[in-house]
Amino acid sequence: MDADGKAVNEVRDEFVLKDGNSQTRWFPMTITKSQLLAYVNLLLPNDSLSLKCEFGISSGTVSEQNVFTSWCEDFGKPFIKHSDDVSMIYNDKIYPAFVPELQTHLKSMLEEGTLHDVSLQIGPEVIPAHKNILSARSPVFRAMFTKDMAEAISNTVVIEDLSVETVLKLLLYVYTDTIQDYPWETMKELYSAADKYEVLSLKKKCVSFFKAKLSISNVCDGLILADLHQDEDLETAAVDYISECDTAFYVSKEWKELEKNNLPFAFKVMRKICCNKRIRLN
């Protein structure tokens, strides 16, 4: 199961239990340790691996349509601590098993504009899309199309504060639930789009990316982003990172520029870092 509780990889099998014989049935492991670590933020939230097992048991033959008894349970146990330099990768080219057939078909509908019923207009560019899919994934889009708003009447959504590239990446996630290992600046734009349209699962994945990629050169940027979007999770991660870096952070040009250009915010950050250290000491 991934961080959102969705099944991302499955293995199935059938076998017959013979009367009077005790049998053990092994299922092949389809995900290796290295693949788990490559997707550490997606598959090992809080360093825990979650498995969901479902069993269907029949007392007769399937052809006679006997009643099945099903049982399922979620399991979670601590896994392996990952090193700080392990990068988070969602790119489906690396692990194509994460891209089921439905995602492929929905991506094709998006790219080809098949049976589209709404247009997203970004400047002179127009991207065809589908109201049902947008509404299912974003409460903001759902409000546009279900209430008496201009977008519902004109079947056009005008987007003025996002680039075409960012909107396309947002739509790719909305339709397929996948993102790639984009650069930091690209992820910032995608994060802002996810926040604007309340695509919370995407916003959560972006934050996981930021947390995994924090460095002395970008942690101030992360703090500003967290403050702009009132994101406590990202802010806490950035403050914790600075507390660990200590002196190396305070002599960095990024921190000196923040002090020079936005002293009140720099003071606010310092106060939180001091409180964080006091809590740790206690």
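Brief remarks on what is shown
- Residue that is nearest to the chain's Cα centre (by Cα) [pool: residues in segment 194-231 that are open to solvent by 40 Å² or more (accessible area, probe 1.4 Å) and among the polar types (S, T, N, Q)]: 230
- Which numbered condition residue 92 misses (of (1) of a type outside the set (Gly, Ala, Ser); (2) modelled with pLDDT of 50 or more; (3) touching a Ser or Thr at 6+ places or on another chain (Cβ under 7 Å)): (2)
- Test for residue 179: is it surrounded by 17 or more Cβ atoms within 10 Å (Cβ to Cβ) and over 30 Å from residue 6 (Cα atoms): no
- Within segment 122-140, being in contact with a helix residue (DSSP H, G or I) (Cβ under 8 Å, 6 or more places away or on another chain) and either β-branched (Val, Ile, Thr) or within 19 Å of residue 178 (Cβ to Cβ) (or both) holds for 122, 127, 129, 130, 133, 134, 136, 137, 138, 140.
- Residues (in contact with a strand residue (DSSP E or B) (Cβ under 9 Å, 6 or more places away or on another chain) and of a type in the set (Gly, Ala, Ser)) located in segment 124-151: 129, 150
- Residue list for segment 242-252, filter: open to solvent by 60 Å² or more (accessible area, probe 1.4 Å) and part of a helix (DSSP H, G or I): 244, 247
- Filter result for residue 147 (open to solvent by 30 Å² or more (accessible area, probe 1.4 Å), in contact with a helix residue (DSSP H, G or I) (Cβ under 7 Å, 6 or more places away or on another chain) and not aliphatic (A, V, I, L, M)): no
The values are calculated or read from the model by the stated rules, or taken from the named source; none is laboratory data. Just so it is clear, the model here is predicted, and its values are computed rather than measured. Virtual Cβ from ideal backbone geometry, glycine too; neighbours counted across all protein chains shown. Remember, those area values only see protein heavy atoms, side chains included, never the ligands or the DNA or RNA. Shrake-Rupley method; radii C 1.70, N 1.55, O 1.52, S 1.80 Å.
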